[in-house]
1. Working only within the stretch 218-269, note down all residues that are charged (D, E, K, R), surrounded by 15 or more Cβ atoms within 10 Å (Cβ to Cβ) and without any contact (Cβ under 8 Å) to a residue 40 or more places away in the chain.
2. On the basis of being assigned to a helix (DSSP H, G or I) and out of contact with any helix residue (DSSP H, G or I) (no Cβ under 6 Å at 6 or more places or on another chain), does Arg239 make the cut?
3. Considering only the stretch 125-136, I want to know if a residue exists there that is assigned to a strand (DSSP E or B), in contact with a Ser or Thr (Cβ under 9 Å, 6 or more places away or on another chain), surrounded by 15 or more Cβ atoms within 10 Å (Cβ to Cβ) and of a type outside the set (Asp, Glu).
4. Identify, by number, the condition in (1) loosely packed, with under 14 Cβ neighbours inside 10 Å; (2) under 32 Å from the mean Cα position of the chain (by Cα) that Leu363 doesn't meet.
5. In the stretch 348-389, which residues are polar (S, T, N, Q), part of a strand (DSSP E or B) and closer than 17 Å to Leu431 by Cβ?
6. Show me the helices (runs of 4 or more DSSP H) found entirely inside the stretch 1-96 where at least 2 residues are touching a residue at least 60 places away in the same chain (Cβ under 8 Å) and more than 30 Å from Gly245 (Cα to Cα).
7. Of the residues that sit in the stretch 390-419 and are part of a strand (DSSP E or B) and β-branched (Val, Ile, Thr), which one is surrounded by the most Cβ atoms within 10 Å (Cβ to Cβ)?
8. Does Arg186 count as in contact with a helix residue (DSSP H, G or I) (Cβ under 9 Å, 6 or more places away or on another chain), charged (D, E, K, R) and touching a residue at least 60 places away in the same chain (Cβ under 8 Å)?
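The values are calculated or read from the model by the stated rules, or taken from the named source; none is laboratory data. Values in this document were obtained by computation on a predicted structure and should not be read as measured data. Reconstructed Cβ throughout: ideal geometry from the backbone, glycine too, with neighbour counts over all protein chains shown.
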Amino acid sequence: MTTASVCTIGDEILIGQIVDTNSSHISRALNEQGIRVTRMVSIGDDHQAIVDQLREELTNNEIVIVTGGLGPTKDDITKKALGELSGSRYELGNLEQRRIVCNILHSRSLDALDINLQQAVVPDTCEVIPNRKGTAPVMVFRFDGTASADNKPSSVRFGHPCALYSLPGVPFEALGALPDVIQDIRRHFDLSPICHRTLMTYGMAESALAKKIEQWEDSLPSDIHLAYLPNQLTGIRLRLSSYSGDPSVQEARILAQIDRLKPLLGDLLYAEEDTTLESAIGQLLRDTGHTLSVAESCTGGMISHLLTTVPGSSEYYLGSVTSYAMPVKESLLGVKAETIKANGIVSAAVAAEMAEGVRKATLSTYSVATTGWADAYGDERESAGTVRVAVSGPEGTRTARFNYRNDRKRNIERFAASALNELRKYILNSLNNN
């Protein structure tokens, strides 16, 4: 199996100033191509450390992907280190990337300064994949496994054919360039056939889910691998993979295993592709012509934000009320003061009246509402980390209670995801009854 190393460059990562999200995305993309990532390495802004570490990674892997250190400022030294590593004698300007730099800057009403145009200048030893989302191109250095003609230490090859891809560090740019990098890898490396199928689940913790499907997992053929990939906004992604054999045959074998698994998952399963709760809900509403509205308190607009990230959501999503204060719940959503007094602000009764109020105000088919305590504060009725969710629609109004013991941000995200999942289940039940 082809192996790879993923490296990040920059002191800002080592001192914790920024979080490295590039490596996880790149590793996932490589794995989906049947490439095994052996190491993830962070390297500081030190010329010799960069050269030495990348030399080691190239010695031990066929592919090395580097992100970071390609900005317009003088402290970005990665390009010079890569020039030394590859035996570069001079630098060349890449005209296509230069045009992109000028277009980006001019679209922002900025002048193209020399320091910006310098980013389109690369070592003569590399090939360029243009970066259409930023100013620094992707540089590709290929090594054929033999020593160079002059046999100088700086240009000694690594004993086997390998390649280094240098990407910009800005996640938007790095991930935007990743499909082109993967395409280049597939052209230049003989990758093993691979087959992936994904199931999306929500509503059960990873350990509990593993226990639930334990016997099924134990009976999987040895060449079909299962991975649990949890995410608090999308649930647990179950990925079945096969890395050998005819892809069409392997896909048929994986689908047979999925058919055995689906009855065990029941309504935990919300999609048979890599997607999100909000996308799955959007598809249900789009297919049936129904509409949706939202009333939020503790989630502060998170549910509405997630729903509107889906392209075409204006077809079914009508709007929301973020009713943080009690007077807003009462005046805009019609929550009764006596309901709050009798049950508390975080209660099933209040959540139900919120959902019914926003549904009535917008004339939507369905609505979902949340009220809860997102952080360390609670009251005499409900503890911190509790959310009450209500979903209203043709089948009446239903409520649910969840409690999570995370920080405020994570609680809000889990509250929103739990509300979306309750909405999904309600819609499915409503559609099945009609």
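1. Arg237, Arg253 - these are the residues of the stretch 218-269 that are charged (D, E, K, R), surrounded by 15 or more Cβ atoms within 10 Å (Cβ to Cβ) and without any contact (Cβ under 8 Å) to a residue 40 or more places away in the chain.
2. Working: assigned to a helix (DSSP H, G or I): no; out of contact with any helix residue (DSSP H, G or I) (no Cβ under 6 Å at 6 or more places or on another chain): yes.
Answer is no for this residue.
3. For the stretch 125-136, residues assigned to a strand (DSSP E or B), in contact with a Ser or Thr (Cβ under 9 Å, 6 or more places away or on another chain), surrounded by 15 or more Cβ atoms within 10 Å (Cβ to Cβ) and of a type outside the set (Asp, Glu): absent.
4. The number of the failed condition is (2).
5. Ser367
6. The qualifying helices (runs of 4 or more DSSP H) are 47-60, 78-86.
7. Restricting to residues being part of a strand (DSSP E or B) and β-branched (Val, Ile, Thr), the top hit is Val391.
8. Against the criterion (in contact with a helix residue (DSSP H, G or I) (Cβ under 9 Å, 6 or more places away or on another chain), charged (D, E, K, R) and touching a residue at least 60 places away in the same chain (Cβ under 8 Å)), Arg186 does not qualify.
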